[in-house]
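The values are calculated or read from the model by the stated rules, or taken from the named source; none is laboratory data. Computed from a predicted model, the values in this text were never measured in an experiment. Glycine also receives a Cβ, built like all others from the backbone with ideal geometry; neighbour counts cover every protein chain displayed. Only protein heavy atoms, including side chains, enter the accessible area calculation; ligands, DNA and RNA are left aside. Shrake-Rupley method; radii C 1.70, N 1.55, O 1.52, S 1.80 Å.
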Amino acid sequence: MAYAFGSLVFTPVIKALQERYGSRRQYAMRENSGFSPDPIGPSETQFLTEADSFYMSSVGATGWPYVQHRGGPKGFLKVIDERTLAFADFRGNKQYISAGNLATDDRVALILVDYPRQARLKILGRVEVIEGTDAKEWAGKLGDPEYKAVIERVFVIHVEASDWNCSQHITPRFTEEQIREALAPVEKEMQALRRENERLQAELVRLKT
């Protein structure tokens, strides 16, 4: 189906609002284009490989939506294939709201943001929750031996659609690692200048004596 994301979220009310505010034509063209790429292609895979956090929303039996931050080592949200993602559910505050919501409604929406590049990716899917002995094989694939966290279960997301958001209103932010990488050449140059300064000072002392 062309533009699967729109087919899942563009209800008649939403389409009416798009028509009212002048954006319906461009979305209708995408829906009618016939172009239907895999939801997780090369661009999405690269993006996910570099991500170390995302936000996941679910809906509980009360009808209230719930948004949870998920974090871990870079690339902890693994790409299994063009329509499947998986991640280890690390032990947290033990509220189990997302896990409980998924027991009654397996649908989730994810949003991932790359702040330095001002890019964001939206993903819709259905979650298969794997626990107990069945989760051990998955945990071996998804865990990171250098990341000290207890894996309680595994979430396998069967992706139904993805969509790239516009870059507007994303304030660039940088992690400590990214700042260190950016400053590495400057630090290297500073060290070279310090060594040169010490050499010149020593030479000056030698000339004076």
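Tabulated data
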read-out	value
Residues of the chain: accessible area per residue with a 1.4 Å probe, Å²	67
Fluctuation leader among Ala51, Ala192, Ala184 - the chain, Gaussian network, Cα springs under 10 angstrom	Ala192
Placed amide H near Ile80: partners under 5 Å, 5+ positions off or other chain	Leu85, Ala86
Loop-located chymotrypsin sites (Phe, Trp or Tyr not before Pro) in segment 1-88 whose Cβ has at most 12 other Cβ within 10 Å (DSSP)	Phe35
Degrees between helix 133-142 axis and first principal axis of the chain (Cα, 0 to 90, nearest 10)	40
Prolate/oblate/rounded label for segment 129-201 (Cα gyration tensor, a/c 1.5)	oblate
Rounded, prolate or oblate (a/c below 1.5 giving rounded, otherwise prolate when a/b exceeds b/c) for segment 25-140 by Cα gyration tensor	prolate
Calculated [θ] (222 nm, deg cm²/dmol) that DSSP helices of n ≥ 4 give over the chain, each run adding -39,500 (n - 2.57)	-12500 deg cm²/dmol
Candidate values (1) 1.17; (2) 0.92; (3) 1.02, label of the one derived for Rg/Rh (Cα atoms, Kirkwood Rh)	(1)
Accessible carbon and sulfur surface of segment 9-81 relative to its total accessible area, %, 1.4 Å	56
Apportionment of accessible area to carbon and sulfur, segment 155-209, percent (1.4 Å)	56
